Amino acid sequence: MPRSARPGGRGRRKADAPHPVDIHVGSRVRSRRVELGMSQEKLASELGLTFQQVQKYERAANRISASRLYYMSKVLGVDVPYFYEGYAESGGISGFAESPVATFESDLLQRRETIELVEAFYRIENQTLRRQMLGLAKSFAAGGEPK
């Protein structure tokens, strides 16, 4: 059978779900963008894309090419390896058997609430107030009363 032919269709079959590496890289792009307080629109503008394309990259609906990832690293102020950090610890090759979509959707950093909290936190310009806010959040998380 020729390489491009397959039963029931033509050409290459799309994967049913995003590859775990693409999910991890997209998540790291989003994390860094949020850490910098940068909107999807701003990142898209810097890359010459639409914000929808950035959304697709962050959700791993589309793969990021090597050249695009290199340029993203420059815009986001990190080295390319940054996007792969933590992948081996989060499952690496053995993680392929797990459901990548379930892992991605349950990631706390992908929740709207988390993103809004981080964005609001980094809009606090006063360092002392930011440290106090962090202390307050940690106190609440530990079940304590505010100090």
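Restricting attention to the stretch 43-54, which residues are part of a helix (DSSP H, G or I), surrounded by fewer than 16 Cβ atoms within 10 Å (Cβ to Cβ) and without any contact (Cβ under 8 Å) to a residue 24 or more places away in the chain?
Narrowing the stretch 43-54 to residues part of a helix (DSSP H, G or I): 43-47, 51-54.
Right, trim to surrounded by fewer than 16 Cβ atoms within 10 Å (Cβ to Cβ) and you get 45-46, 51-52.
The answer is SER45, PHE51, GLN52.
So, in the stretch 64-118, of the ones that are touching a Ser or Thr at 6+ places or on another chain (Cβ under 7 Å) and exposed (fewer than 12 other Cβ atoms within 10 Å of the Cβ), which residue ends up modelled with the lowest pLDDT?
Selected residue: LEU108.
Could you please tell me which pairs satisfy a Cβ distance under 9 Å, a separation of 6+ or placement on different chains, a first residue in the stretch 64-90 that is not assigned by TED's automatic domain parsing to the domain that holds GLN53, and a second residue that is part of a loop (DSSP other than H, G, I, E, B)?
none
Those residues that are under 16 Å from VAL21 (Cβ atoms) and among the polar types (S, T, N, Q), I need them from the stretch 46-65; list them, please.
Those that are under 16 Å from VAL21 (Cβ atoms) and among the polar types (S, T, N, Q): ASN62, SER65.
How many residues does the stretch 44-72 hold that are among the aromatic types (Phe, Trp, Tyr) and closer than 23 Å to ARG112 by Cα? Full working, then the answer.
Of the residues in the stretch 44-72, the ones among the aromatic types (Phe, Trp, Tyr) are 51, 57, 70-71.
Still in the running and closer than 23 Å to ARG112 by Cα: 51, 57.
Residues meeting the conditions: 2.
The values are calculated or read from the model by the stated rules, or taken from the named source; none is laboratory data. From a predicted model like this one, the values you see are computed outputs, not experimental measurements. For neighbour counting, all protein chains shown are included, and Cβ atoms are generated from backbone atoms with ideal geometry for every residue, glycine included.
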